[in-house]
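Here the structure comes first, spelled out in structure tokens, and everything after it is commentary.
The values are calculated or read from the model by the stated rules, or taken from the named source; none is laboratory data. Model, not experiment: these values are computed from the prediction. Using ideal geometry, Cβ is built from the backbone for each residue, glycine included, and neighbour counts are taken over all protein chains shown. Heavy atoms of the whole protein, side chains included, go into the accessibility calculation; ligands, DNA and RNA do not. Shrake-Rupley method; radii C 1.70, N 1.55, O 1.52, S 1.80 Å.
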Amino acid sequence: MNTENKTKIISIKLKNVSNFRKVYDSEEKGVMYGATCPIMSIHDAEKEIDQVLGINPRNQKHTSAPSKAMQETLRDEQDAFVFRNRGLTFIVRNANWDNKTGMLEMLCEIDETSDSQTNGLADGAHTYEVIKKFIDDTDEAEIKEITADVRLDIISGLVDKDEILAMVDSRNKSTPVRTESKLNYEGVFDSIKEALSGQSYENMVAYYENQLVDEKNEESGYRPISINSVLSFLMCFDLKNFNENKHPVVAYSSKKKVLEWFEKRFSEDENDLKNLSMILPQILDLKDYIESQIPKVWGKISARFADQQGVKKLKKEKQLDFSKYKVNYLIPGGFVYPLLSAFRAFLENTENGYKFKVNPKEVFDQMNSQDGRSIIYKLVNVDDKNPNSMGKNAGLYDSCYGSLRGYYYESLVN
């Protein structure tokens, strides 16, 4: 029986690589380089990269909550992706960069007789899968507008197999205990779990990183919806901290501060927070409904929705997270949050808990059916239509809120 290694060399060529520099040089450990490149360059080298995934021990799923957060960054803030993501780490036989053309060639040596590899994509497979999915889901006409870059760490000359495996294992287990895990352990999220009990997406919400859909079944996959996102939608309806003059812009701009808000509300008045949490299914359904209606209403008011900055036409229809509503676009969160938070104008805190004075979806439809009254006019007419700017524009939140409040008193109160 022939037990000799059967090796082959995989050449991975990445275009438009920039910021290439030597970070560290060790005679014993090898050489480390750093660089950045467009995510499109990674996608273009998909065939070759797919052949060098054997070095990474983790089962990669682009549906995990961290992966979902990456997708949201690509959707809403492409320029921030390179800063918020630790990128891709390749262990290679050698690497050569042409500073004139920007072409980077990495050579990986693969042992075809072994399941354990020492060259390849050592860390960042989640990022790689998210990049592929984001580009694959984008309509071909929109691909040219993708501007996101990704960070690259490249290690060459590392030959000790035990050292390689130790490094790969360490990098893949380097995530610290996150605030979400701590709060979950302390029971702070119990009111959310109670509110979402029985909903179709109940087991899709991740209360800590890489939480499984079925915690007794490792094959069930990771929960795709971060608790941070869920809480950010709830925050839009906090009557104690926000009113007609102060709006929850932070719900969009900082998921970290959303957690701080929820923890503080829990410590100050746990019962009131629980009462507010009970309407969360209605809030999440409203969020999806608004998102599903934006393209068609925008198209009636103004130019094609697909032409708006940050909007991506999908190759196939997608169902939203909290409902059966479907969309044909990736819609920036900066469009959704100012509209959603405006419906706080219809919320009241009664002896029997929080409730809406009127059916928010029905009012939304009524306004959209009347010329010049749709709240989506506020999005269409804003000066800076950069989605990230819109999500942080306190004036836009105020305008949307005032529009709904005005409609309520003009048209709905007898």
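Between the alpha-carbon centers of the stretch 86-138 and the stretch 366-404, tell me the distance in whole angstrom. Centre-to-centre distance over Cα atoms comes out at 43 Å.
Directionally averaged projected area (the stretch 281-414, Cα convex hull): 8.6 nm². Split the accessible area of the chain by element, probe 1.4 Å, and carbon with sulfur accounts for 42%. Set against the labelled values (i) 87, 48, 38; (ii) 72, 46, 36; (iii) 62, 44, 39, Cα extents along the principal axes in Å computed from this structure falls on (i).
For the chain, the antiparallel share of DSSP beta bridges with both residues in that region comes to about 85%.
I want the local charge near VAL327. Using Cβ-Cβ distances under 14 Å, sum +1 for each Lys or Arg and -1 for each Asp or Glu among the other residues.
On the way: positive: ARG75, LYS287, LYS296, LYS312, LYS313, LYS315, LYS316, LYS318, LYS324, LYS326; negative: ASP137, ASP139, ASP288, GLU291, GLU317, ASP321.
The answer is +4.
Of all the options PHE346, PHE233, PHE83, the one that moves most in a Gaussian network model of the chain with Cα springs shorter than 10 angstrom is PHE83. Multiplying the residue separation of THR7 and LYS318 by 0.36 nm and subtracting their alpha-carbon distance yields 107.8 nm.
The mean sequence separation of alpha-carbon pairs under 8 Å and at least six residues apart, normalised by the residue count of the chain, gives a relative contact order of 16 percent. Computed from phi, the 3J(HN,Hα) profile of the stretch 310-320 under the Karplus parametrisation 6.51, -1.76, 1.60 (θ = phi - 60°) reads x, 7, 10, 6, 8, 6, 9, 4, 10, 7, 6 Hz, with x in place of Gly and Pro. If r is the Cβ-Cβ distance from ASN243 to ASN386 and R0 is 35 Å, what FRET efficiency results, to the nearest 0.05? That pair, ASN243 with ASN386, gives E of 0.85.
Let me check I've understood the local charge: for SER374, count other residues with C-beta under 12 angstrom from its C-beta, Lys and Arg +1, Asp and Glu -1. What total comes out? Mind dumping the intermediate values first?
On the way: positive: LYS296, LYS300, ARG373, LYS378; negative: ASP365, ASP371.
For residues surrounding SER374, the net value is +2.
If you take the alpha carbon atoms of the stretch 210-295 and fit the smallest convex hull around them, that volume is 139 Å³ per residue.
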